[in-house]
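The values are calculated or read from the model by the stated rules, or taken from the named source; none is laboratory data. All figures in this text were calculated on a predicted structure; none of them were measured in a lab. Quick reminder, even Gly has a Cβ in these numbers, built from the backbone with ideal geometry, and neighbours come from all protein chains shown. Protein only, heavy atoms only, side chains kept; ligands, DNA and RNA dropped before computing areas. Shrake-Rupley method; radii C 1.70, N 1.55, O 1.52, S 1.80 Å.
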Amino acid sequence: MVGPLGRRVVAGVSGSLGSLTALHQAAAEARVRGAGLWAVLAWEPPGGDLPTRGGSLPPSLVANWHRMASEQLMEALDTAFGSDGPGVPLQPLVGRGKPGTVLLAAADRSDDLLVIGAGARGRLRRAVRPSVSRYCVARARCTVLAVPPSPLHHDLASVHRRNVWKLPLRTGELTS
């Protein structure tokens, strides 16, 4: 995933609120640095790469998954920036593999800046899905900026939980 020479800010994108916050921070960093923004989305076949080891998957199926990942990336970019774009040169990239591996392959130069979301994670979540941000911070050759979630993220998650459990929403809490 080596591109043209020039300064790069590489941002991991998944479409989550945390990744959109990191994407906005990456665009701001790219503007300050006079760099291009590389928005990277990693994807794996359903069930991981285990089904592909036998070579029994048709290429059309893999191409379809790649197309779906590309659409997810473009939707996340549209959600984050709208039709105006980020205000810097943008290079959307879709890579097949584990997110940490794909991000480190994209941010492979020492002068790159890798921007990733780093949300608060409980023990159960860490056991089920290892932290991409920890993986990248431990192995990156470049500077890594781990962006915490937006302060509104906690409030939104709380409202979502209330909706899922069909609990009444106390609107007085939202105005304070």
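Miscellaneous remarks
- Subset of the range 132-158 (residues that are touching an Asp or Glu at 6+ places or on another chain (Cβ under 9 Å) and open to solvent by 50 Å² or more (accessible area, probe 1.4 Å)): Arg141, Thr143, Leu145, Asp155
- Options Val88, Val32, Val102; residue that is among the β-branched types (Val, Ile, Thr) and closer than 26 Å to Tyr135 by Cα: Val102
- Test result for Ser110, over 14 Å from the mean Cα position of the chain (by Cα) and not aliphatic (A, V, I, L, M): yes
- Within the range 103-112, restricting attention to residues that are out of contact with any helix residue (DSSP H, G or I) (no Cβ under 9 Å at 6 or more places or on another chain) and assigned to a helix (DSSP H, G or I), the residue that is farthest from Arg33 (Cα to Cα) is Ala105.
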